[in-house]
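Enquirer: I have a structure I would like to understand better, so I am pasting it below and will then ask my questions one at a time.
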Amino acid sequence: MSNQLISGWGRYPVVDAEIAVPARFENIDLTALNSIARGMGRSYGDSALATQIISTQQLDNLIAFNGQSGELRCAGGTTLEEILKVFVPRGWFLSVTPGTKFVSVGGAIASDVHGKNHHKIGSFCDHVTSIELLIGSGEMVSCSPQQNSDLFRATCGGMGLTGIIVSATIKLLPIQSTTIRQQTLKAANLKEVFQLFEANRSATYSVAWIDCLASGNALGRSLLYLGEHDESGTLDMQSGHSKSIPFDMPTTLLNRFTIQAFNTLYYHKVCETVSQQQVHYEPYFYPLDSIHHWNRLYGRRGFLQYQFVLPKTAGLEGMTKILQRISASKKGSFLAVLKELGAQNKNLLSFPIEGYTLALDFKWEPDLLQLLNELDQIVLEYGGRIYLTKDARMSEATFKQSYPSWEQFMEIRHKYGATEHFNSLQSERLGL
Amino acid sequence: MSKNILIIGATSAIARATARIYAQAGGNNLFLVARNKVQLDRNCADLQVRGAASVHTETLDLNQFEQHGPLIDKVFDVMGRVDIVLIAHGTLPDQNECAADVEKTLAELNTNAISIISLLTHLANRMEQQRFGTIAVISSVAGDRGRQSNYIYGAAKGMVSVFMQGLRNRLFKSGVNVLTIKPGFVDTPMTKEFDKGLLWVKPDAIARGIIKAINKRKGEVYLPGFWALIMFIIRSIPEMIFKRLSL
Ligand SMILES: Cc1cc2nc3c(=O)[nH]c(=O)nc-3n(C[C@H](O)[C@H](O)[C@H](O)COP(=O)(O)OP(=O)(O)OC[C@H]3O[C@@H](n4cnc5c(N)ncnc54)[C@H](O)[C@@H]3O)c2cc1C
Ligand SMILES: NC(=O)c1ccc[n+]([C@@H]2O[C@H](COP(=O)([O-])OP(=O)(O)OC[C@H]3O[C@@H](n4cnc5c(N)ncnc54)[C@H](OP(=O)(O)O)[C@@H]3O)[C@@H](O)[C@H]2O)c1
């Protein structure tokens, strides 16, 4: 055990924590601890932070693979990167992947992460067939949609608050090649991009990059990327060197003008309104993974990612209101990603509800929190919610209003002895 | 080409990372020896899923020297031939405890030096008859020069390194390569109490270095490579000065 200053991916907030890195789960003594599990620390805020942390980094063994069904059983600390490395050459891919492969299976389950195919096949946990959980009493409990289903529904999307995911069985997706047929569509404004999402509902993957600084008629100007797994081609992994941001960048480098210039260039990089490309899955799914520590771009004080979803009914009107507010604030966002989400699943705290989700980064500034509180009000007004795995600051009231199953979640937490043993800075802030 | 690989101390973080690369390459046969059966079985399953052609395991506390002969016989019975041997087990003793306790000192020397020399004695004779293959052992930069902070560990590693030099010399004419691996600071369970700075690397980086050195039939390798320079400097300091340093 060693003490260390630690934060989430957004590098805000920072805590002084005692971090245990057990080499095998038998070494985890939960009875004496009030702690939280941590995988790869790719959640942005304070969900994997506490004064006592149990890192799963060394609990990363593969357990069994069924080549017929594509079911893989592996330890909770196994990274998606490792799974891809082993299984892509054999013709298997992840059913659902977030925008980085540097996350653990435990983290992906705890956040019930979604990918660019949520509208088609749901979120990560919709492809999890069972979980082995180490609960507060020190016992191992299996849960699945059939067995201890209350625990399963609370653990999927439960932000580590029910116990430690020691292993899980996930279903992989068969692929013929590592090539993605990408189609890029240009949308002049928000209305157009919504129409394009609707018209392309049958696409396997879809995601749009919005230029948040465009305003007026161009508000919501974006590029929509559609993707399909190609049937022809090879199963080669991409080789190539990754770059790294070696130290914190001076934050003056990231200001309204540089971001505006970047966004404008980005938008005009694509000339035609519709274009086709064949790309490797790496740049398609993980565009930022080739630059290690890219979070240092935002400087020493870190940044916040704000991701919310608005239900379909609120669609254009709510999103317009929020984009206008952001555009007026002149606070730049380097990345603004818009995505259509499909139907909600049964997991108690999972983020996705049917509608549109937008994710934006904000450099940390003293007056940022006030802007985000204002945005919260608009999100609530339209019946939306904020993604827990990105959050570092929402209020207890906002959370409880937008996640109505929180009480049921608390009951399950209590039933399985988690309340005294698993707590994060986030759960304390949200009154969980 | 498919290889037969024996890994002793297979639950070590460095050994595990090395075994994974060999398994993932596909087609290789692995024979793993370690004392913790649960963890050994876990590693075995992991390597099978990753693509090893076969994985055999044997549970043994390596301080049971009398079992070494039968163990090596069994390995050759099961695998027929052995292309690569990697010996990785070890402990990092508390120097102050050792200084205060002879029993403890001798026990540490047993684990980190004598057990390895015993295993190597059995193995060397088989490999010499076989006339091909590589014997690789994880020693340490700590074996290059004694320092007050860990000279029991250092003495054990130094003994292993010198033994390996002699063995390399002897087996050269039989075509068997003898590789001494000298890692610097590696972030593994052995070093979990240490604060990690810039010089620290992950086991995976060491594993890749080990495999590269085996493929190139090197005799000795510092991992990462810059430790060759650091240790050159440390070895060059005159004893008159060295004895006054607080290292
Ligand atoms: C560049 C980037 C792109 C991203 N894109 C997406 C995206 O497209 N879609 C999306 O949904 N998310 C996305 N994310 C968020 C990320 O997928 C989630 O935050 C994910 O949970 C991170 O996994 P982790 O292993 O790093 O978990 P951590 O950040 O370490 O932990 C996250 C939560 O999981 C819990 N947890 C971790 N391991 C365990 C375990 N073994 N048992 C129990 N609980 C555990 C922690 O307690 C914590 O509450 C992105 C993040 C980044 C940095
Ligand atoms: N980490 C470093 O910085 C570093 C630097 C230089 C050299 N090295 C050397 O690298 C090698 C591997 O160490 P590591 O860093 O990977 O540490 P590790 O993960 O702690 O591995 C050490 C292994 O040795 C095993 N072992 C110890 N005594 C044993 C015995 N009597 N019988 C059977 N197995 C025994 C342990 O088994 P259990 O798991 O059952 O305890 C453990 O698996 C060691 O020789 C070490 O000295 C390490």
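Enquirer: I'm trying to understand the selection: among the residues of the stretch A:162-205, which are farther than 25 Å from A:SER111 by Cα and assigned to a loop (DSSP other than H, G, I, E, B)?
Expert: A:ILE175, A:GLN176, A:SER177, A:THR178, A:ALA188, A:ASN189, A:ASN200, A:SER202
Matching residues to (1) more than 14 Å from ligand 2 (Cβ to nearest atom); (2) free of Cβ contacts under 8 Å to residues at least 24 places away in the same chain; (3) not β-branched (Val, Ile, Thr):
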{"residue": "B:ALA156", "(1), (2), (3)": "no, no, yes"}
{"residue": "B:VAL160", "(1), (2), (3)": "no, no, no"}
{"residue": "B:ASP204", "(1), (2), (3)": "no, no, yes"}
{"residue": "B:LYS212", "(1), (2), (3)": "yes, yes, yes"}
{"residue": "B:VAL221", "(1), (2), (3)": "no, no, no"}
{"residue": "B:ILE230", "(1), (2), (3)": "no, no, no"}
{"residue": "B:ILE237", "(1), (2), (3)": "yes, yes, no"}
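Enquirer: Test A:ILE54 against the criterion of being surrounded by 20 or more Cβ atoms within 10 Å (Cβ to Cβ) and within 14 Å of another protein chain (Cβ to nearest Cβ), and give yes or no.
Expert: yes
Enquirer: Can you tell me which of A:SER130, A:SER137 is in contact (Cβ under 8 Å) with a residue 24 or more places away in the chain and in a strand (DSSP E or B)?
Expert: Every option except A:SER130 fails the conditions.
Enquirer: Mind counting the residues in the stretch A:85-111 that are away from ligand 1 (no atom under 16 Å from the Cβ) and in a loop (DSSP other than H, G, I, E, B)?
Expert: Summing the residues that are away from ligand 1 (no atom under 16 Å from the Cβ) and in a loop (DSSP other than H, G, I, E, B) in the stretch A:85-111 gives 1.
Enquirer: Separate question: Which ranges mark the helices (runs of 4 or more DSSP H) fully within the stretch B:61-140 that have 2 or more residues being without any contact (Cβ under 8 Å) to a residue 40 or more places away in the chain, within 16 Å of ligand 1 (Cβ to nearest atom) and buried (at least 22 other Cβ atoms within 10 Å of the Cβ)?
Expert: none
Enquirer: Just need a number here: residues in the stretch A:395-416 that are in contact (Cβ under 8 Å) with a residue 24 or more places away in the chain, open to solvent by 20 Å² or more (accessible area, probe 1.4 Å) and more than 24 Å from A:GLY384 (Cα to Cα).
Expert: So the count comes out to 2.
Enquirer: Against the definition (modelled with pLDDT of 95 or more, in a helix (DSSP H, G or I) and either more than 16 Å from ligand 2 (Cβ to nearest atom) or open to solvent by 10 Å² or more (accessible area, probe 1.4 Å) (or both)), how does A:GLY157 come out, yes or no?
Expert: No; evaluated as a whole, the condition is false for this residue.
Enquirer: Considering only residues that are farther than 10 Å from B:ALA10 by Cα and within 21 Å of the chain's Cα centre (by Cα), look in the stretch B:31-43 and name the one that is farthest from the other protein chains (Cβ to nearest Cβ).
Expert: Looking at residues that are farther than 10 Å from B:ALA10 by Cα and within 21 Å of the chain's Cα centre (by Cα), I get B:LYS37.
Enquirer: Further question: Could you please find all residues in the stretch B:166-219 being of a type in the set (S, T, N, Q) and open to solvent by 40 Å² or more (accessible area, probe 1.4 Å)?
Expert: B:ASN169, B:ASN215
Enquirer: For the stretch A:14-31, how many residues are within 12 Å of another protein chain (Cβ to nearest Cβ) and among the charged types (D, E, K, R)?
Expert: Qualifying residue count, the stretch A:14-31: 2.
Table: residues versus (1) surrounded by fewer than 24 Cβ atoms within 10 Å (Cβ to Cβ); (2) within 14 Å of another protein chain (Cβ to nearest Cβ); (3) out of contact with any Ser or Thr (no Cβ under 6 Å at 6 or more places or on another chain).
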residue	(1), (2), (3)
A:GLY67	yes, yes, yes
A:GLU71	yes, yes, no
A:GLY76	no, yes, no
A:GLU81	yes, yes, yes
A:LYS85	yes, yes, yes
A:GLY91	yes, yes, yes
A:THR100	yes, no, yes
A:ALA108	no, no, yes
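The values are calculated or read from the model by the stated rules, or taken from the named source; none is laboratory data. If you're wondering where the values come from, they're calculated on a predicted model, not measured in any experiment. Cβ sites come from the backbone with ideal geometry, for glycine too, and all protein chains shown count toward neighbours. Just the protein is used for accessible areas: all its heavy atoms, side chains included, with ligands, DNA and RNA removed. Shrake-Rupley method; radii C 1.70, N 1.55, O 1.52, S 1.80 Å.
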